[in-house]
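Q: Let me begin by handing over the structure; questions about it come next.
The values are calculated or read from the model by the stated rules, or taken from the named source; none is laboratory data. Nothing here was measured: the structure is a model prediction, and the numbers come from that model. All Cβ positions, glycine included, derive from the backbone under ideal geometry; neighbour counts span all protein chains shown. Ligands, DNA and RNA are stripped out before the accessible areas are found, and what is left, the full protein with its side chains, is counted by its heavy atoms. Shrake-Rupley method; radii C 1.70, N 1.55, O 1.52, S 1.80 Å.
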Amino acid sequence: MKNPMDKNQLGPEQESRNQQTSGHNGQMHTHAGIPVTDDLDTKTAGKRGPSLLEDVWLQEKLGHFSRENIPERIMHAKGSGAFGTFTVTHDITKYTKAKIFSEVGKETEMFARFSSVAGEKGAGDAERDIRGFALKFYTEEGNWDLVGNNTPVFFIRDAKRFPDLNHAIKRDPRSNLRSPNTNWDFWTSLPEALFQVTKVMSDRGIPSSYRYMHGSSSHAYSFINEDNERIWVKFYFRSQQGILNLTDQEAAAVVANDRESHQRDLFNAIEQGQYPRWTMYVQLMTEEEARNLDYNPFDLTKVWYKDQFPLQEVGYFELNKNPENYHMDVEQAAFEPSNMVPGVGPSPDRMLQARLFSYQDAARYRLGTNYFQIPVNYPRGVKDFNPYHRRGLGRMMHEGGEQNTSPNSYGAWKDNPQNHDPKQDAGEPGYYDYREDDNDYFTQPGEFFRRMTPEQQLVLFENTARNMGDSTWQIKYRHINHCYQADPAYGEGVAKALGIDINDVDLTPMTHDSREQNEIDNARGYEDLNVPSTPADPESAKDLPAEGRDTNYDDPKSVIEPMNDPYFL
């Protein structure tokens, strides 16, 4: 097999040599600025005697070394980042007063971080997974963060399931190995996950690089205009490089030889002047349209149909500068959905509502309470930045002597009530079963499946069968049932790839239309089928070439435009 990464069309790799120096004549100092006396030999009592505690440089060097690492992100642990510029190309000021969009041609500095989701920092970049797509725009009104993925939907729609999702796709507490059974038991216990599962198991489940994937805000947000009128909005970012993917077989070869394939590709592309670009689009829905929609428009497991809600082009961003120091800029970057500038607001999406708190809370834990002062997180676009917060570990900004209370008699610490969002309609507080509100789990994944070519469908079947591993027969039958409800051909294809006779599967529809019914449906087959299965080796894949079943488009750019992309519903 030739190198699968050749399809990304990069020139020779940048040399691994790094001969940058600090520019200080090579002089080494302690943290106090004192010249280091000896960095090659430890001070000892005699040539062969014990080391002496008074070698303070030894103590400092080892002490700092023990603290070089910071806690890794619990999700999206491994990623790559770069700086760039966002440019407005189309006027949307009638929808939003956000100054980043105030005029055509306006440019705003930004930072992007792409990531895998399930893997730890040492995971292979080319593993089957969704990809994080996080953007930070340094606007004059503050940092605006959009923290999405390369898919427009997600596995869950209530944030209470987020820790469980993490536990399901990470390591088993007993074996410390990833467990297909735990993973697929969780996914299939939530029928709303089927759309995202179908996307991940499709031929787009392993992008060849971060440059060759689209991005999405996933959540709905709100735009607020100068007249304080609201319209709901979703953001999309279409790769101008197009779409390229790896097969399971290609990915296995890539991971075996290079666990940093995505990082290597993005870094080298920028170093070679092949600056990647993404076009920003918005999808808009009025409040009246949202009220009358026959499904929940704020359900993260569903999309808004492009025929009903056409996309409007806004601008593009280009990544053109690699970080000088990976740890300083990429590892310490903090992205927060709560960072919304005037003119952009939240929606009632349950997942978004929880992320408004949890992401900044995670940053405080991981980076310290003054993480916003780290250069990559600093609101560099704001003139006369004046944060209220005081003291705390790692304080870097000079606080000065200004009094620190609000209200006060001296005109300090003024807020901006003119930026209040318009009021939203709301109901009585309570724990509402979302299954009773919207239990259409299968229409959109079925439509997505039917947009695939027969060859792409076959890839979906084979990828699914391999990925389910030794999951119990109960879990495999449950997944077949869900797939069959989305489209009979989907269920039949997965069953065949798993080596299961479709006639042996109870295809009585699982409705999952209430909490109680969900428990009944998920318990189906437990007494007889709760037995580990034999991992499948799909018959249809046994005579494939070494690179697997490649369904990449002849022209990767043919699916840049949303209306031309069959995978974009």
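Q: Extension gain SER558-GLN424, at 0.36 nm per residue separation less the Cα-Cα distance, in nm?
A: Net length gain for the segment: 44.2 nm.
Q: While we're on this one: Please quote Rg/Rh for the range 79-377 to two decimal places, taking the Kirkwood radius as Rh and restricting both calculations to Cα atoms.
A: 0.95
Q: Something else: Which value, in debye to the nearest 20, describes the size of the charge dipole of the chain about its Cα centre when Lys and Arg Cβ atoms bear +1, Asp and Glu Cβ atoms bear -1, and nothing else is charged?
A: 1640
Q: For the chain, report the accessible area per residue in Å² (1.4 Å probe, heavy atoms, rounded to an integer).
A: 49
Q: How much length is gained if the chain between LEU52 and GLU287 is pulled fully straight, taking 0.36 nm per residue apart and subtracting their Cα-Cα distance, in nm to one decimal?
A: 77.4 nm
Q: Here's another thing I want to ask about it. For the chain, what does the helix formula give at 222 nm: sum of -39500 (n - 2.57) over DSSP H segments with n ≥ 4, over the residue count, nearest 500 deg cm²/dmol?
A: -7500 deg cm²/dmol
Q: Using protein chains only and a probe of 1.4 angstrom, how many square angstrom of ARG204 are accessible, to the nearest 10?
A: Accessible area, nearest 10 Å²: 40 Å².
Q: Could you check how much of the accessible area of the range 454-550 is carbon and sulfur, as a whole percent, using a 1.4 Å probe? The partial results should precede the final answer.
A: Numbers: 2220 of 4700 Å².
On the range 454-550, the fraction of accessible area on carbon and sulfur atoms equals 47 percent.
Q: For the range 132-213, how big is Rg over Rh, using alpha carbon atoms and the Kirkwood form of Rh?
A: 1.05
Q: Based on the Cα gyration tensor of the chain, what are the three equivalent ellipsoid semi-axes, each the root of five times an eigenvalue, rounded to whole Å and given largest first?
A: 41, 33, 25
Q: Hey, got a sec? Which chymotrypsin sites (Phe, Trp or Tyr not before Pro) in the range 218-251 land in a DSSP loop and have at most 15 other Cβ atoms within 10 Å?
A: Details: sites: TYR221, PHE223, TRP232, PHE235, TYR236, PHE237; in loops: none.
Passing sites in the range 218-251 do not exist.
Q: Also: With label points built 7 Å along Cα→Cβ from the Cα atoms of MET28 and GLU120, find their separation and express it in nm.
A: 3.0
Q: Under 1.5 on a/c is rounded, so check that first for the range 482-528, then, if it is not, pick prolate when a/b is larger than b/c and oblate when it is not; a ≥ b ≥ c are the square roots of the alpha carbon gyration tensor eigenvalues. Intermediate results must be reported in sequence, preceding the final value.
A: Values: a/c = 3.03, a/b = 1.58, b/c = 1.92.
Verdict is oblate for the range 482-528.
Q: Further, regarding this structure: Select from the range 48-153 those GluC sites (Glu not before Pro) which occupy a DSSP coil region and have at most 15 other Cβ atoms within 10 Å, ordered by residue number.
A: Taking the range 48-153 and a limit of 15 other Cβ atoms within 10 Å, the loop GluC sites (Glu not before Pro) found are GLU54, GLU68, GLU72, GLU103, GLU120, GLU140.
Q: A further question follows. Using the per-residue mean of other Cβ atoms lying within 10 Å as a proxy for protection, in what order, highest first, do the peptides 473-485, 13-25, 248-260 fall?
A: Values: 473-485: 24.2, 13-25: 7.9, 248-260: 17.6.
Result, highest mean first: 473-485, 248-260, 13-25.
Q: If you build the convex hull over the alpha carbons only and average its shadow over all orientations, what do you get for the range 454-550? Give it in nm² to one decimal.
A: Numbers: hull surface 26.3 nm².
So the mean shadow area of the Cα hull is 6.6 nm².
Q: Further question: Taking only the alpha-carbon positions of the range 46-142 and ignoring solvent, what does the Debye formula give for the base-10 log of I(q)/I(0) at q = 0.17, 0.19 Å⁻¹?
A: Listed by q, the Debye log ratios stand at -0.89, -0.95.
Q: Multiply the residue separation of ASP38 and ASP294 by 0.36 nm, subtract the distance between their alpha-carbon atoms, and state the gained length in nm to one decimal.
A: In short, 84.8 nm is gained.
Q: Right, something else. Whole angstrom only: what separates the Cα centroid of the range 276-297 from the Cα centroid of the range 140-180?
A: About 23 Å separates the Cα centre of the range 276-297 from the one of the range 140-180.
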